[in-house]
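K.L.:
Okay, here's the structure, questions in a sec.
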Amino acid sequence: MIRSVVVFVIVTCISLSAFAQEKEKKAARPDLPGSFLIDFGFNNGISSPDNWDEAFWGSRTVNLYYQYPFRFGRSKFSFVPGLGLGLERFKMDNNFTLSSSPGPDGNYLLIPAEAPTLLTGVKKSMIIANYFDIPVEFRFDTHPEDLARSFNFAVGARAGILFDGLTKVKYKEDGENKILKDKQNHGLNEFRYGFYTRIGISGFNIFMFYNTSPLFEKDKGPSMTTMNTMTIGISLNGF
């Protein structure tokens, strides 16, 4: 009886060990060149027009970038180009939105979300801009051979092309939640550019983006504004 129990325990341990090894092999990350970067941050308008009242939590950015580093010899410096998507949201705390057509002066207006179609029960209003981006940066790593334990600092520039612009209004009608989307550019600048910096340890960074290009095209934004935007947040980099 004791011998049977010992044999059973040994066989069970061998089986579990083999299963764990097989599972580890399946879970192993493929050895892909470069890295994938996810940014999550909060947007802020600079020199914003009247009635532009963005909410902190709802005005957010998600960047999804693929990067490929080119190291300068055996130094601690590298050149890192990339490409990906920049997804920006501006939540209007006062439930204003952009007009569906330009006014007499050719610029889009900020108006109450109820105004265009006499909506009732407005709960949320957002202005959305999505971009194809090309970020490039120069990065310093204290341990370039072991990035998982390295302190890093980067400065870079980014250019992007708008591929989707819209306003989104969530409201309640007859006890039912509904969403109204107006998919057009609303005077948003179709090309953006700016600068950024990152600092962190391993795959965790804090970043700041500043768009030197205005959010809206010249004389097409609310109050013909020259509003710029800034984003601050955190990055996760999977080496």
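K.L.:
Anything in the range 189-202 that is within 18 Å of Ser78 (Cβ to Cβ) and in contact (Cβ under 8 Å) with a residue 60 or more places away in the chain? List them, or say none.
P.N.:
Across the range 189-202, the qualifying residues are Tyr196, Arg198.
K.L.:
Whether any residue in the range 213-234 is under 30 Å from Glu145 (Cβ atoms) and open to solvent by less than 70 Å² (accessible area, probe 1.4 Å) is what I want to check. Steps first, please.
P.N.:
Narrowing the range 213-234 to residues under 30 Å from Glu145 (Cβ atoms): 233-234.
After this cut, where a residue has to be open to solvent by less than 70 Å² (accessible area, probe 1.4 Å) as well, the list is 233.
So far as the range 213-234 goes, yes, one or more of its residues are under 30 Å from Glu145 (Cβ atoms) and open to solvent by less than 70 Å² (accessible area, probe 1.4 Å).
K.L.:
Identify the single condition in (1) open to solvent by less than 90 Å² (accessible area, probe 1.4 Å); (2) more than 24 Å from Asn95 (Cβ to Cβ) that Asn185 does not satisfy, given that it satisfies every other one.
P.N.:
It fails just one condition, (2).
K.L.:
I'd like the full set of residues that are open to solvent by less than 70 Å² (accessible area, probe 1.4 Å) and either modelled with pLDDT under 90 or closer than 19 Å to Tyr65 by Cβ (or both), limited to the range 129-145.
P.N.:
The first filter runs over the range 129-145 and keeps only residues open to solvent by less than 70 Å² (accessible area, probe 1.4 Å), leaving 129-131, 133, 135-137, 139-142, 144.
Passing the criteria: Ala129, Asn130, Tyr131, Asp133, Pro135, Val136, Glu137, Arg139, Phe140, Asp141.
K.L.:
List pairs: first residue in the range 91-108 and farther than 16 Å from His186 by Cβ and at pLDDT 90 or above, second residue open to solvent by less than 30 Å² (accessible area, probe 1.4 Å) and not in a loop (DSSP other than H, G, I, E, B) anywhere in the structure, Cβ distance under 7 angstrom, at least six positions apart or on different chains.
P.N.:
Between residues of the range 91-108 that are farther than 16 Å from His186 by Cβ and at pLDDT 90 or above and residues that are open to solvent by less than 30 Å² (accessible area, probe 1.4 Å) and not in a loop (DSSP other than H, G, I, E, B), the close pairs are Asn95/Val122; Asn95/Ser125.
K.L.:
For the range 153-180, which residues satisfy the criterion of being of a type in the set (D, E, K, R), in contact (Cβ under 8 Å) with a residue 40 or more places away in the chain and in contact with a strand residue (DSSP E or B) (Cβ under 9 Å, 6 or more places away or on another chain)? Spell out how you get there, then give the answer.
P.N.:
Step one: of the range 153-180, the residues of a type in the set (D, E, K, R) are 158, 164, 168, 170, 172-174, 176, 178.
Remaining after also requiring in contact (Cβ under 8 Å) with a residue 40 or more places away in the chain: 158, 168, 170, 172-173.
Across the range 153-180, the qualifying residues are Arg158, Lys168, Lys170, Lys172.
K.L.:
Taking the stated definitions as given, is Arg29 outside any strand (DSSP E or B) and either in contact with a strand residue (DSSP E or B) (Cβ under 6 Å, 6 or more places away or on another chain) or modelled with pLDDT of 90 or more (or both)?
P.N.:
Details: outside any strand (DSSP E or B): yes; either in contact with a strand residue (DSSP E or B) (Cβ under 6 Å, 6 or more places away or on another chain) or modelled with pLDDT of 90 or more (or both): no.
Here the answer is no, as Arg29 does not meet what is asked.
K.L.:
Just the residues that are open to solvent by 50 Å² or more (accessible area, probe 1.4 Å) and either under 23 Å from Asn152 (Cα atoms) or at pLDDT 95 or above (or both), please, taken from the range 42-68.
P.N.:
Answer for the range 42-68, where residues must be open to solvent by 50 Å² or more (accessible area, probe 1.4 Å) and either under 23 Å from Asn152 (Cα atoms) or at pLDDT 95 or above (or both): Asn44, Arg60, Leu64, Tyr66, Tyr68.
K.L.:
In the list Phe36, Phe42, which residue meets the criterion of being under 19 Å from Lys168 (Cα atoms) and among the aromatic types (Phe, Trp, Tyr)?
P.N.:
Values: Phe36 fails: under 19 Å from Lys168 (Cα atoms).
So the residue among Phe36, Phe42 that is under 19 Å from Lys168 (Cα atoms) and among the aromatic types (Phe, Trp, Tyr) is Phe42.
K.L.:
Going by what's in this entry, would Ser100 be described as open to solvent by 30 Å² or more (accessible area, probe 1.4 Å) and out of contact with any His (no Cβ under 7 Å at 6 or more places or on another chain)?
P.N.:
Working: open to solvent by 30 Å² or more (accessible area, probe 1.4 Å): yes; out of contact with any His (no Cβ under 7 Å at 6 or more places or on another chain): yes.
So Ser100 fits the description; yes.
The values are calculated or read from the model by the stated rules, or taken from the named source; none is laboratory data. Quick caveat: nothing in here was measured; it's all calculated off a predicted structure. Heads up, the Cβs are rebuilt from the backbone with ideal geometry, glycines too, and the neighbour counts pull from every protein chain shown. Ligands, DNA and RNA are stripped out before the accessible areas are found, and what is left, the full protein with its side chains, is counted by its heavy atoms. Shrake-Rupley method; radii C 1.70, N 1.55, O 1.52, S 1.80 Å.
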